[in-house]
Amino acid sequence: MAEHRILIKDACKYFGDVKALNNANLEIKPGEVVLVIGPSGSGKSTMLRCVNKLESVTSGEIYIDDDCVTAPGADIRKIREDVGMVFQSFNLFKHLTVLRNITLALTTVKKTPKAEAEEIGRKLLARVGLADKEKAYPGQLSGGQQQRVAIARALAMNPRVMLFDEPTSALDPEMIKEVLDVMLDLAKEGMTMMVVSHEMGFAKAAADKVVFMADGEIIEIGSPEEIFDNPKEERTKTFLQHIL
Amino acid sequence: MAEVNKDTKIEVTDGALIPDQAENSIFSAWNIAFFGALIILIILPIASPDPYRDILKFIPDGILTTFKVTILSIIFALVVGLFAGLGRLSRIKIINRIATIYVEVVRGIPLLVQLFYIYYALGKVVQLPRLTSAIIAMTFCYGAYMGEIFRAGIQGVPQGQMEAALALGMSRTQALWKVIIPQTFRIILPPVGNEFIALLKDSSLVSILAVADLLRRGREFASTSFLYFETYTIVALVYLVITLFLSRLVATMEKRMKINGRT
């Protein structure tokens with residue numbers, strides 16, 4: 001068995017001539033929570049999206065446990081079932097109820113019987129504190145509620161890994177906490193998480209590692225204390241001065 | 001001379017309700033046209049039963065045929081259009097090319113010529129009944145326009161919807177049918193409604209194949225009675241009442257969907 005849960009090896013990604021990701025190397029162990037920070041355009045989201053192949057790397061390798069995401073013949077759909085993803089703009093299916101949003105992939109991909117899928121869906125809604133909203137449509141919910149549904153939707157597939165792409169950036173300040181609380185619970189339960197976010201509070205409470213990226217490169221990796229209190233690299237220092 | 005804004009886009013859709021400054025007034029253009037036509041249609045046979053009553057007795061069959069051609073053609077055109085639209089968005093080059101050629105060919109040939117071609121020219125190979133030929137030609141033509149509507153509708157669904165579906169392990173096809181296409185219906189309903197009205201008007205062309213639609217029935221009546229003015233007045237008024245009613249219906253539907261879209 002591999003010791004890592006996610007392994008990124010020498011990953012590069014070009015968009016035309018633009019190098020969005022340059023030789024990224026990162027190992028995430030089972031149960032680890034890793035926060036990725038850095039200025040916009042630094043390649044954080046690109047790296048995250050390469051992990052479930054929403055973007056394909058130009059070169060390099062990415063593994064989820066022993067499954068190679070980047071291998072030419074990889075069964076990417078099978079791998080994606082095991083990798084939950086939460087988006088900045090929620091991306092809930094607007095034409096479906098909250099419960100159906102959660103059960104759709106279960107019934108179409110895993111062929112779970114409807115009753116069983118709905119039972120799973122209701123349990124997850126209760127877990128994110130939205131048990132009373134199962135019949136609502138996404139447009140009737142607040143941003144924070146939508147993001148909690150999106151987390152429940154990803155959890156329904158019982159993933160080994162959860163990816164969060166700026167999950168609180170599109171939210172009003174008063175709604176950020178309700179989403180972070182759900183994420184903190186997940187972290188406590190031992191979920192392996194890769195989170196692109198600048199939420200320092202979440203980092204200090206839950207992150208095992210913080211990764212600082214700039215210009216498509218990983219500049220520094222360390223514990224939250226190391227990165228936030230004693231950054232070694234000049235660029236990390238400059239960046240932290242800007243956001244704190 | 002008033003200065004013309006270079007970015008002004010002029011869009012006049014066949015069948016759509018035209019904007020009217022006095023829209024909420026009793027004397028709006030739509031009210032005057034619709035109720036005016038309706039009142040004339042009611043008064044004429046009362047004031048002058050001969051010949052108007054006879055004309056109005058003669059044409060209802062034609063109205064039914066017009067609706068039959070229109071409704072069947074629009075249903076088939078929707079099916080053809082869905083596949084044409086998907087083809088235009090396909091990543092497989094050959095499918096994309098075929099769909100694009102289809103749209104270009106249809107747009108380049110007048111509908112009347114398409115009707116003649118399918119009935120008379122292809123009649124050398126397979127002789128189809130007149131009504132069938134008419135419906136095939138209308139479907140072939142409007143399928144291309146529907147294809148462009150579907151293409152725009154599918155592109156109008158945010159990219160994130162597809163990404164979210166893929167991230168859950170769905171295939172592209174599953175995502176398309178379960179997530180993307182159901183969301184296009186809200187977007188395409190108003191333009192499809194307008195195409196329906198345009199198709200209803202264009203269906204008068206099938207009278208050239210001796211399909212007994214509204215116009216053809218009028219022509220039959222006029223050619224035996226020689227009452228051209230009276231007959232075609234009634235025919236024109238009936239078309240007008242139907243299309244004005246439908247365009248108001250589409251506009252109401254559109255308005256209601258905009259309100260629902262906000263919640």
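Relative to the longest principal axis of the C-alpha atoms of chain B, give the angle of the C-alpha long axis of helix B:29-47, reported between 0 and 90° and rounded to the nearest 10°.
Around 30 degrees separate the two axes.
Could you pull out the chymotrypsin sites (Phe, Trp or Tyr not before Pro) across region B:34-119 that fall in loop regions by DSSP (anything but H, G, I, E, B) with no more than 15 other Cβ atoms inside 10 Å? If you can, show how the numbers build up before the last one.
Numbers: sites: B:Phe34, B:Phe35, B:Tyr52, B:Phe58, B:Phe67, B:Phe76, B:Phe83, B:Tyr102, B:Phe116, B:Tyr117, B:Tyr119; in loops: none.
Within region B:34-119, no chymotrypsin sites (Phe, Trp or Tyr not before Pro) qualify (loop, at most 15 other Cβ atoms within 10 Å).
How large is the convex hull of the Cα atoms of region B:102-217 per residue, expressed in Å³ as a whole number?
Numbers: hull volume 14.1 nm³, N = 116.
Cα-based convex hull of region B:102-217, divided per residue, equals 121 Å³.
Rounded to two decimals, what is the ratio between the C-alpha radius of gyration of region B:151-263 and 2.2 N^0.38 Å? Please list the in-between numbers first.
On the way: Rg = 21.7 Å, N = 113, 2.2 N^0.38 = 13.3 Å.
Output field value: 1.63.
Is it possible to state the helix-based mean residue ellipticity at 222 nm for chain B, with each DSSP H run of 4+ residues giving -39500 (n - 2.57), the sum divided by total residues, to the nearest 500 deg cm²/dmol? What is it? Before the final figure, lay out each step's value.
On the way: 11 runs with 189 residues, N = 263.
After summing the helix terms and dividing by the residues of chain B, the value is -24000 deg cm²/dmol.
For A:Lys94, give me every one of the aspartates and glutamates with a C-alpha distance below 19 angstrom, ignoring sequence neighbours fewer than eight places off in its own chain.
Reachable aspartates and glutamates: A:Glu118, A:Asp132, A:Glu134, B:Glu163, B:Glu254.
Setting aside same-chain residues fewer than 8 positions from A:Lys188, which aspartates and glutamates have a Cα under 12 Å from its Cα?
A:Glu32, A:Asp208
Pick out, in residue order, every one of the trypsin sites (Lys or Arg not before Pro) in region B:159-263 that is DSSP loop and has at most 11 other C-beta atoms within 10 Å; say none if there are none. Mind showing how you got there, number by number?
Details: sites: B:Arg172, B:Lys178, B:Arg186, B:Lys201, B:Arg216, B:Arg217, B:Arg219, B:Arg248, B:Lys255, B:Arg256, B:Lys258, B:Arg262; in loops: none.
The qualifying sites: there are none.
How big is the convex hull of the Cα atoms of region A:51-158, per residue, in Å³? Present the calculation step by step, with values, prior to reporting the outcome.
Numbers: hull volume 12.2 nm³, N = 108.
With only Cα atoms used, region A:51-158 gives 113 Å³ per residue.
For region B:49-262, what is the per residue volume of the convex hull drawn over the alpha-carbon atoms, in cubic angstrom? Let's see the in-between values first.
Working: hull volume 28.9 nm³, N = 214.
Spread over its residues, the Cα hull of region B:49-262 gives 135 Å³ apiece.
Go ahead and estimate [θ] at 222 nm for chain A from helices alone: -39,500 (n - 2.57) per DSSP H run with n ≥ 4, summed, over the residue count, rounded to 500. Walk me through the intermediate numbers first.
Working: 9 runs with 91 residues, N = 244.
Rounded to the nearest 500, it is -11000 deg cm²/dmol.
Viscosity 1.002 mPa s, temperature 20 °C: give me the Stokes-Einstein translational D for region B:1-142 in µm²/s, with Rh taken as the Kirkwood radius over C-alpha pairs.
On the way: Rh = 19.7 Å.
Answer, rounded: 109 µm²/s.
Percentage of Cα-Cα pair distances in the protein assembly as shown greater than 33 Å, rounded to whole percent? Provide the component values of the computation, followed by the final result.
On the way: 71370 of 128271 pairs.
Of all Cα-Cα pairs in the protein assembly as shown, 56 percent lie more than 33 Å apart.
What percent does the relative contact order of region B:49-262 come to when contacts are Cα pairs within less than 8 Å and at least six residues apart?
On the way: 230 pairs, mean separation 64.1, N = 214.
Once normalised by length, the contact order is 30 percent.
Using amide H atoms built 1.01 Å from N in the peptide plane, name the residues 5+ places from A:Val86, or on other chains, whose amide H lies under 5 Å from its own.
A:Leu163, A:Phe164, A:Asp165
Under a straight-distance cross-link criterion of Cα-Cα below 30 Å, which lysines are reachable from A:Lys19, leaving out those fewer than 8 residues away in the same chain?
A:Lys9, A:Lys29, A:Lys44, A:Lys53, A:Lys78, A:Lys209, A:Lys232, A:Lys237, B:Lys93
Using alpha-carbon positions, what is the distance between the centroids of region B:60-128 and region A:5-52, in Å?
49 Å
Using a 1.4 Å probe on the protein heavy atoms only, what accessible surface does A:Asp181 show? Give it in Å² to the nearest 10.
Per-residue accessible area (A:Asp181): approximately 60 Å².
Take A:Arg5, A:Arg100 and sort them by solvent-accessible surface of the protein heavy atoms, 1.4 Å probe, largest at the top.
These residues rank, largest area first, as A:Arg100, A:Arg5.
Roughly how tilted is helix A:114-127, in degrees to the nearest 10 and between 0 and 90, from the longest Cα axis of chain A?
The angle comes out near 60 degrees.
May I ask what percent, to the nearest 5, of DSSP beta bridges between residues of chain A are antiparallel? Kindly include the intermediate steps, with their values, before the conclusion.
Details: 19 of 36 bridges.
Of those bridges, close to 55 percent are antiparallel.
Taking the Cα centre of the protein assembly as shown as the origin and placing charges on Cβ (Lys, Arg +1; Asp, Glu -1), which of A:Ser142, B:Thr8, B:Val80 is farthest toward the positive end of the dipole?
Farthest towards the positive end: B:Val80.
About the Cα centre of chain B, what is the dipole size in debye to 20, counting +1 per Lys and Arg Cβ and -1 per Asp and Glu Cβ, all else neutral? Walk me through the numbers on the way to the answer.
Working: 25 positive and 18 negative charges, 199 e Å.
I would put it at about 960 debye.
Relative to the longest principal Cα axis of chain B, at what angle does helix B:214-225 sit, 0 to 90 degrees, rounded to 10?
It works out to around 20 degrees.
Provide, in order from the shortest bin, the percent of all Cα-Cα pairs of chain A in each 10 Å bin, continuing until the bin that contains the maximum pair distance.
Cα pair-distance distribution for chain A, in percent: 8, 31, 36, 21, 5, 0.
The values are calculated or read from the model by the stated rules, or taken from the named source; none is laboratory data. Just so you know, these numbers come straight off a predicted model, no measurement behind them. We place every Cβ from the backbone using ideal geometry, glycine too, and count neighbours over all the protein chains shown. Accessible surface areas use protein heavy atoms only, side chains included; no ligands, DNA or RNA. Shrake-Rupley method; radii C 1.70, N 1.55, O 1.52, S 1.80 Å.
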